[in-house]
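The values are calculated or read from the model by the stated rules, or taken from the named source; none is laboratory data. Just so it is clear, the structure is predicted and the values come from calculations on it, not from any experiment. All Cβ positions, glycine included, derive from the backbone under ideal geometry; neighbour counts span all protein chains shown. Areas reflect the complete protein model, heavy atoms only, side chains present, ligands, DNA and RNA absent. Shrake-Rupley method; radii C 1.70, N 1.55, O 1.52, S 1.80 Å.
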Amino acid sequence: ATPVTGDIVSYSIGANDTLASSTLYFLHTDGTWDITDADAVATGASQLLCVGMGQSARDGVLLRGFVRIASTELLNAPGGAYGANGKPLYVATTDGHFDFNPPSGSGDFVRIVGHVLADNGTDALLYFNPDKTWIEIA
């Protein structure tokens, strides 16, 4: 499971899926947590976001707080240890990932999900605090 501290909720009125650690999800209208994708506004632009903790949704998801994100879920990381400190992370156009670069394609949405507190060149300690605002690229 991903080490976390913060606002954790045990909730899923739909299927009680296991949510992968370090993966970004949004609350679907059917009550399930689905994987985000910045390619479509219906998959995380305005919805409630969470980070999976490697357990079932009813056992807990992180809504806001501190979480270590595995390097496998980070896209376009700056090179070297500590190169990412203080930088924002965005919803990625790759399912469930975090990106250091904002999406730029037509129809993509841009939403900051938090800021990196520390990185060691392989993973990052993230203050997960999704922005309530977003934009869609024309």
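What the phi angles of region 58-63 give under the Karplus curve with 6.51, -1.76 and 1.60, with θ = phi - 60°, is a coupling list of 6, 8, x, 9, 8, 8 Hz, glycine and proline written as x.
Could you work out the relative contact order of the chain? I mean the mean sequence separation of Cα pairs under 8 Å and 6+ apart, divided by the number of residues, in percent.
Details: 392 pairs, mean separation 35.0, N = 138.
Dividing the mean separation by the residue count of the chain yields 25 percent.
Modelled spin-label separation between ILE112 and LEU125, with each label point placed 7 Å from Cα along the Cα-to-Cβ direction: 2.0 nm. For ASP7, the residues whose modelled amide H falls within less than 5 Å of its own, excluding neighbours fewer than 5 places apart on the same chain, are LEU63, ARG64, GLY65. Note that region 119-127 has calculated 3J(HN,Hα) couplings of 9, 10, x, 10, 9, 9, 8, 10, 8 Hz, one per residue in order, obtained from phi through the Karplus relation 6.51 cos²θ - 1.76 cosθ + 1.60 (θ = phi - 60°); glycine and proline are x.
Give me the 1.4 Å probe accessible area per residue for the chain, excluding ligands and nucleic acids, in Å². Provide the component values of the computation, followed by the final result.
Values: 6310 Å² over 138 residues.
About 46 Å² of surface per residue is accessible.
Per residue, the average separation of C-alpha pairs within less than 8 Å and at least 6 apart gives region 77-138 a relative contact order of 34 percent.
Work out, step by step, the length gained on full extension between ASP30 and ASP7: first 0.36 nm times the residue separation, then minus their alpha carbon distance; give nm to one decimal.
Details: separation 23, 0.36 × 23 = 8.28 nm, distance 2.21 nm.
Roughly 6.1 nm would be gained on extension.
Computed from the C-beta positions of LYS132 and ASN85, the FRET efficiency with R₀ = 30 Å rounds to 0.80.
May I ask you to give the percent of accessible area on the chain that is carbon plus sulfur, with a probe radius of 1.4 Å?
Carbon-and-sulfur percentage of accessible area, whole number: 52.
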